[in-house]
Amino acid sequence: MASTGLFSFVGGFAAKLIGSGAGTFFMVLGLLLLVGVMVGWFGEVINEGLQGLYNPQVERSFRWGMIWFIASEVMFFACFFGSLFYFRAYVIPWLGGEGTSGVGAFTHLLWPDFKPEWPTNGPARVGGEFEPMGAWGIPALNTMILLSSGATVTWAHWGLLKNDRPQFVKGLIATIALGLAFVVLQAYEYYHAYTEMGLTLGAGIYGSTFFLLTGFHGFHVTIGAIFLTVILFRALRGHFDPDHHFAFEAAAWYWHFVDVVWLGLFIFVYWL
Amino acid sequence: MATVADTHGAEHEHGPAKGILRWITTTNHKDIGTLYLTFAMIMFLVGGAMALIIRAELYQPGLQLVDPHFFNQMTTLHALIMVFGAVMPAFAGFANWMIPPMIGAPDMALPRMNNWSFWILPFAAVLLSATLFMDGGAIASGWTLYPPLVLQFGDALPFTIFSVHLLGISSILASINIIVTIFNLRAPGLTMMKMPMFCWTWLITAFLLILVMPVLAGAVTMLLFDKFFDTSFFDAAGGGDPVLFQHLFWFFGHPEVYIIILPAFGIVSQIIPTFSRKPLFGKNSMIFATAVIGFLSFIVWAHHQFTVGMPVPAELYFMYATMLIAVPTGVKVFNWLATMWKGSLTFETPMLHALGFLVLFVFGGFTGIMMSQAPADLYYHDNYFIVAHFHYTLVGGGVFAIFAGLFYWLPKWTGTMYDEKLGKLHFWLSFLGFNLLFMPQHFLGLAGMPRRIPDYAVQFTEFNQMSSVGAFIFGFTQLLLVYIVYKCVKGEGEKASGEVWEGAKSHGLEWNLPSPMPYHHSFEGVDIQKAVADE
């Protein structure tokens, strides 16, 4: 069932991309199916957990599973960060004529005026004039927000460990609120970039890497916030105790992971 | 089963569910292993049929059967289907069937996810095959999907990319499951260093998959953005670079070929000791060699791109790093040979295939060393020499190991011996057909015949004809394999004992179990501690 949903989702998305009207329908259908299966699947796992069917060994399996899932996510971002470094360290200088025995010799003939600098939209000035995103406005604020959300989620964990339910719930609510604030601010930043700065996906390599990296990160923040919201509702229903709270820990790990990725983004995409 | 106290509740008492639902909803590692293997077999035949179209066209110079665009679609899909649809799922099938019994576990650690990781595959295959029937046909850029060429394909592109995404998700989920199973579900006393080689090689394979599949997903996502969302990742005009895709692809692609070959090493490391009636020689060094190969696979990728215009220091680095791989691989090969040294050898079908693997893989390895030299590679690049090289390693290595493993464990799975006469026939026809198919391609390549072109100069005709005849022999021999497996599954043949192979008990926990293994709880009534201690 989950596969059917996933299939319908990606199939629909692909059909939409090539301009078929039915694409959107299948995409939405697939997404709903996928979410439905997830709810059913995880719901069953939660119920089994509540009935105490899981021994420490099973819980350990879940932990290892989550750890390696996050490891694969790390590599997904490593791919994009690696690309960014490659563009900045190699491609732009080559396009500017560096390395006369290699690529630079040809590109310099093609684009003799190109100055290798960052940010850039490339020798052909793809997308026209644009203004790069500064680091010390919204991005700095967002850094503060995510860092404090990392602290609040840990505070919630401490609350859970000493069985202080109000602290646990408050910590979760604060974390989710900060996460949402982050997403809203980023949406505003994107809107600003598109409408006033000429900074779009089409703005050459700077726009491409900027939106790819921050966009996938924002997507992960959204998923993390949804994950934490589910945890919050479970907490309100009295789930979790100081010894058994794998799902909370998994959500917290995931949250710290998106936090760390953001630090990388702030330094390499916005700041330097 | 009923004689042993079952503390796991009534639902485990009954056997498998009936009918098609059993296969759709199963969370049983044996069922899922069977699904993987069946899927792999079907895809192997589909991908094989595409290869035969290619070889039929190449039987004569000139254009006879298919037009060049369709020819290129065939080379592309043949590769994608064989790599992602046939070989990888086949090894995943072995992992599912054999890792739990080898480590004394009742099942995989995350059985529901196991079901999902299989069932993503057929949908990915449908998505990929459907592109054949779209406007403009399937992707025809070769399986490496290099831009800017690949960005010129129309409707097929997003479907192919999403199919790759699905395959990636499936592999990552399966790998997580395998790692968790091996870390967490080993029987007490079965330490990591005591674990069978097959589990070790799969453990390292799973790490490779988890680390490189997301990079491929990222790279094809960037292709998708370049095509549909205006970005300039692979477009120099916007400050991007098409060569970056090659770096990302091969950062995935090189570990990927080890993902294919490491489980093959594992299977062969199980088989050779059994039929030599000796323990595996230098097992610790085998484990370290596997780990070193896994590590090296991450730092040699650009030897696939020697001709792309990299800076000279980079070429030198990748050349030297690549040659290093020969060291751990040599350790493995010599260990296998030393295992056989003074053993009391017998040559049943699995052993024949394992030896076939050894010969063919070493041959493919040697041609690999030839191509690791950057200056020489300028001449080998993109011609039939490389085609011959990677088929010797991936088919001669990977697929022959799959055959070996299949004959080795089939009696354990089904409780019935396969037909030994037909098995041997299958080996010899495959081995001869294979060599007739790919050996001449070395000479074609050295003489300058380019790959991925449906036509060639007349002086290449004889070697191409030999190659095509070999292809049809090798291809149709696989129908014999289907028949042998079918007969065995039907139960036509001698009953297999629990140990199956003489003295096999000392070579793996799985041989302490009855054949076929019980559907649930393989180890019901078996003293695991004693079995572990005996090993």
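We did not get these values from a lab; they are worked out from the coordinates using the rules stated. Being a predicted model, the structure only gives us computed values, none of them experimental. Please note: Cβ atoms are built from the backbone with ideal geometry, for glycine as well, and neighbour counts cover all protein chains shown.
Overall size of region B:99-190 from C-alpha positions, given as principal axis extents largest first: 57, 22, 15 Å. For the segment A:60-73, counting C-beta atoms of other chains within 10 Å of every residue's C-beta and taking the mean gives 6. With the helix formula -39500 (n - 2.57) applied to DSSP H stretches of n ≥ 4, chain B reaches a computed 222 nm mean residue ellipticity of -22000 deg cm²/dmol. Phi angles across region B:312-329 convert, under the Karplus curve 6.51 cos²θ - 1.76 cosθ + 1.60 with θ = phi - 60°, into 3J(HN,Hα) values of 4, x, 5, 4, 5, 4, 5, 5, 5, 4, 5, 5, 4, 4, 4, 5, x, 5 Hz, Gly and Pro given as x. Secondary-structure-derived ellipticity at 222 nm for chain A, considering helices only, amounts to -24500 deg cm²/dmol, per-run term -39500 (n - 2.57) for DSSP H runs with n ≥ 4.
GNM on chain A, alpha-carbon springs under 10 angstrom: the most fluctuating residue among A:G128, A:G40, A:G137 is A:G40. The mean number of Cβ atoms from other chains found within 10 Å of a Cβ in peptide A:106-118 is 1, as a whole number. Here the ratio of the Cα radius of gyration of region B:422-462 to 2.2 N^0.38 Å is 1.51. Among the listed pairs B:K18/B:K495; B:K30/B:K278; B:K283/B:K505; B:K421/B:K487; B:K342/B:K412, those with a Cα-Cα distance over 21 Å are B:K18/B:K495; B:K30/B:K278; B:K342/B:K412. Residues whose amide H lies under 5 Å from that of B:N383, counting only those 5 or more places away or on a different chain, are B:R451; hydrogens are built 1.01 Å from N in the peptide plane. Each label was represented as a point 7 Å from its Cα along the Cα-to-Cβ direction; for B:V469 and A:A124 these points are 5.1 nm apart. Put simply, the C-alpha atoms of region B:143-286 give a gyration tensor, and the ellipsoid matching it has half-axes of 40, 15, 12 Å, longest first.
For chain A, the normalised intensity computed at q = 0.11 Å⁻¹ comes to -0.79 (log10 of I(q)/I(0), Debye sum over alpha carbons, equal scatterers, no solvent). Reducing region B:472-498 and region B:387-436 to their Cα centroids gives an inter-centroid distance of 11 Å.
Computed over the alpha-carbon atoms, chain B gives an Rg to Rh ratio of 0.96, Rh here being the Kirkwood radius from the mean inverse distance.
Listed values for region B:370-375 are Karplus-derived 3J(HN,Hα) couplings in whole Hz (6.51 cos²θ - 1.76 cosθ + 1.60, θ = phi - 60°), namely 4, 7, 5, 6, 4, x, and x replaces Gly and Pro. For the pair B:V327 and A:S148, label points projected 7 Å from Cα toward Cβ lie 5.3 nm apart. Note on B:W202, B:W119, B:W413, B:W23: ascending count of other Cβ atoms within 10 Å places them as B:W23, B:W413, B:W119, B:W202, the fewest first. Treating each Cα of region A:126-272 as an identical point scatterer and ignoring solvent, apply the Debye formula and state log10 I(q)/I(0) at q = 0.14, 0.17 Å⁻¹. For region A:126-272 at q = 0.14, 0.17 Å⁻¹, log10 I(q)/I(0) is -0.66, -0.87. Here's how it looks for B:D241: its modeled amide H is under 5 Å from those of B:F234, B:D235, which are all 5 or more places away or on a different chain.
In order along region B:509-515, the phi-based Karplus estimate (6.51 cos²θ - 1.76 cosθ + 1.60, θ = phi - 60°) of 3J(HN,Hα) comes to 4, 4, 7, 7, 8, x, 10 Hz; Gly and Pro are listed as x.
Take the Kirkwood radius over Cα pairs of the protein assembly as shown, plug it into Stokes-Einstein at 25 °C and 0.890 mPa s, and you get 87 µm²/s for translational diffusion. With no solvent and one point per C-alpha, what does the Debye sum give as log10 I(q)/I(0) for region A:39-112 at q = 0.23 Å⁻¹? Taken in order of the listed q values, log10 I(q)/I(0) reads -0.96.
Residues whose amide H lies under 5 Å from that of B:T416, counting only those 5 or more places away or on a different chain, are B:A496; hydrogens are built 1.01 Å from N in the peptide plane. A Förster radius of 45 Å, combined with the Cβ-Cβ distance separating A:L161 from B:M193, puts the computed FRET efficiency at roughly 0.80.
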